[in-house]
Amino acid sequence: MTARTAEVLLGWALRICNHRRPWQHRGPQMLMIESFDRGLSHIWSTGPSHRPLAGLAIYKVRYYSQGKTYGQDVVERKQGNSIQTQSSGTWSSPSRTSPDQPAKRVPFYDQLRECGSPSDVLDLAGQYTATHRRVSNCLTRCWESTKKMSEEQRRYELRIMFEHAGFEELLQRTMQDARHMRSEDLAYSLLATVKLGVSQSSRVVQTLLRVCQENLNEFDEKSLSVLASCLEHLESSPNGDALKEGVRLMIEALLPSIQNVMSLQTLMRHMGRDTPVDIKKKLERKALSLADQFTLPNSQYMITTLASMGFCSKPLLAVCSRKIAEHVHGVPFHRLVSVLRAYKELHSRDVALFTAISDYVASSITMWNNKQLILFLSAFEDLAFCPTAMLDAFAERVTKNPDALGLKDVLSVLKTYSSLNHNLQGYREPFLEGVTHVVVSYLPKMAASELLKVVYCLCLLGHFPAAPLEQLLQKETLEEISARGGRLQKGMEKKLQIVDLCLRLDRPSLPKPLTVPPEALGSPAPNDLSINPGLSMTLQSIAQEGLLQEGVMVEDLYFIDGVITQPGSLQEATGGRAPSESEFPPPEHSQRIAVFCAPPSSFCYGTSRPRGNLAIKLRHLTVLGYTPVVVLEHELDNLSEEERTELLKTRIFPEQERPANVEQMTD
């Protein structure tokens with residue numbers, strides 16, 4: 001070989017060596033790493049050569065998923081070297097751009113927004129140099145990418161994420177960078193970590209909690225609101241409880257300077273039900289000062305926020321309900337239901353808002369499915385509000401296609417319609433026939449307790465189909481009901497008592513007579529029910545001696561505060577006034593007036609329409625020959641003795657008003 005040939009070959013060899021990639025060199029240390037879990041070569045290497053961290057031992061422990069089934073490899077320090085200087089993997093790899101070349105903008109965040117799953121985020125993260133901001137944004141994107149997934153897909157993606165080698169590295173970097181993060185990134189990192197299901201007792205979560213405590217004074221209102229939303233889902237722990245208390249103090253201090261409605265609402269939710277009333281009042285005043293900024297979502301969220309605080313603020317509810325009622329067509333289904341449930345929790349009612357929702361749903365009924373409509377109706381029934389338009393529209397739909405209802409649907413529908421006692425007018429018979437058709441089709445699958453509920457509701461509605469009644473009154477069914485026992489036994493016995501009364505008093509037309517066996521009725525209602533003292537005193541002053549009987553139990557079920565026996569033949573002669581003792585006729589010519597108190601919950605809200613149990617009581621008392629007079633409890637409590645007397649005279653002897661009215665008309 002000539003000297004020239006040797007020089008050429010040496011030059012080519014040098015060029016080849018200069019162009020070899022670092023990862024093409026394999027040595028003994030690479031083989032040693034591969035003897036462990038392959039994921040470790042990703043997580044704990046210091047650069048492209050994949051060498052393990054110097055002076056560190058590698059072994060299996062549970063780390064970020066404590067209490068779960070995921071086991072991960074962790075590096076524990078044997079020497080006091082700073083791990084920050086020995087960062088792992090591509091997160092800390094230097095830029096591959098030559099010093100002579102101009103820096104090129106990296107579109108990291110554009111690509112991050114396009115990631116559709118946590119594993120996509122982790123794959124992307126491994127391609128770029130780590131910064132405090134990128135670590136936080138990667139965690140947040142991992143969580144956000146799963147929010148719109150189905151439950152099954154979400155479980156699958158989270159499992160893949162926990163098994164991904166880059167997730168361990170991401171959490172390790174989170175721990176390392178926590179003290180250097182901005183308050184906003186710190187709050188979002190903690191929120192995402194908890195939402196992703198990382199064990200709250202793990203080192204990474206506890207580290208974030210400690211760093212949040214140390215830097216709490218640096219949190220602005222946005223960071224504080226993000227942190228507060230995370231603490232809602234946090235289990236009790238020393239670090240977590242201390243941070244929660246610190247956040248409460250910070251909220252009080254920052255309250256005057258808060259200008260963002262969403263931030264304020266998040267902080268209000270964090271304060272919770274145990275907040276002192278004076279603090280709740282301060283939050284209320286702050287919210288009212290921002291009321292002109294309320295958007296439609298703000299108004300919805302404020303109502304549910306008040307419910308989470310257990311704080312019924314009438315001024316705030318008025319502002320929010322008015323905006324929702326005006327723009328009800330722009331509110332999605334689940335938020336409308338949440339608003340209705342919040343009103344129930346707050347023990348508050350708003351007829352204008354409820355009517356607006358009912359009318360809107362009824363006018364757009366074709367866009368709602370049966371499940372949604374039934375949820376609406378159940379929410380209204382819980383509020384004791386009668387959504388007339390919705391009840392009519394849904395009854396028409398059921399009449400056209402009753403087979404679209406399932407068993408649970410039928411149970412809920414019957415409960416709502418019987419409780420609200422709504423008069424369906426022309427739809428009544430077709431609706432009841434359609435529902436009965438569905439009930440009969442489910443009889444073989446129906447449990448005894450469900451059958452009792454169905455028959456009870458149908459009896460309240462005055463409808464007595466033979467097939468359900470016959471199956472209910474079979475010996476096996478009644479034995480199954482009596483065998484349940486427990487705290488529900490009394491309620492089932494009362495339902496059977498009402499069914500028995502309906503069969504005896506309403507006298508439905510059935511193929512064969514049906515009665516409830518006496519042994520299935522249980523014990524009668526107790527006779528020691530107390531009489532309303534205010535009502536008793538007033539009745540004694542109105543009724544003549546011997547004409548009033550107090551504390552009457554009718555049919556061992558219906559309690560009446562007082563029964564006034566009034567001579568029917570002398571009503572016209574006496575001008576409707578209570579007759580004197582000399583005018584008292586024989587009992588067969590008398591009229592019995594049953595006067596009793598009822599709570600406001602016995603009526604549909606905002607109306608005088610009695611609800612289910614009160615409606616059946618009035619119906620049966622009328623059949624038994626009584627003239628029922630119902631007095632609201634709060635009416636008596638808010639009136640003086642003279643006003644109570646005047647009110648009861650007007651209710652019991654309405655004929656007394658006629659002469660005065662005639663005189664006014666003649667004038």
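The values are calculated or read from the model by the stated rules, or taken from the named source; none is laboratory data. On a predicted model such as this, the values are computed, not experimentally measured, just so you know. Cβ coordinates were reconstructed from backbone atoms using ideal geometry, including for glycine residues, and neighbour counts include every protein chain displayed. Areas reflect the complete protein model, heavy atoms only, side chains present, ligands, DNA and RNA absent. Shrake-Rupley method; radii C 1.70, N 1.55, O 1.52, S 1.80 Å.
Summary table below
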read-out	value
Among the residues listed as 252, 245, 168, 232, the single one being touching a residue at least 40 places away in the same chain (Cβ under 8 Å) and charged (D, E, K, R)	168
Filtered residues of the stretch 407-436 (kept if without any contact (Cβ under 8 Å) to a residue 40 or more places away in the chain, open to solvent by less than 20 Å² (accessible area, probe 1.4 Å) and not hydroxyl-bearing (Ser, Thr, Tyr))	409, 413, 424, 431, 432, 434, 435
The stretch 362-385: number of residues that are farther than 20 Å from residue 611 by Cα and open to solvent by 10 Å² or more (accessible area, probe 1.4 Å)	11
Which listed residue, of 388, 305, is open to solvent by less than 10 Å² (accessible area, probe 1.4 Å) and modelled with pLDDT under 95	305
Subset tally (residues that are within 29 Å of residue 352 (Cβ to Cβ), not small (Gly, Ala, Ser) and not in a strand (DSSP E or B)) for the stretch 594-617	9
Helices (runs of 4 or more DSSP H) contained entirely in the stretch 212-274, each with at least 2 residues that are open to solvent by less than 70 Å² (accessible area, probe 1.4 Å) and over 19 Å from residue 194 (Cβ atoms)	238-254, 261-271
Residue within the stretch 475-486 that is aliphatic (A, V, I, L, M) and without any contact (Cβ under 8 Å) to a residue 12 or more places away in the chain present	yes
Test: residue 364 is of a type in the set (Ser, Thr, Tyr) and over 23 Å from residue 603 (Cα atoms)	yes
Matching residues, the stretch 275-288, being β-branched (Val, Ile, Thr) and open to solvent by less than 40 Å² (accessible area, probe 1.4 Å)	275, 279
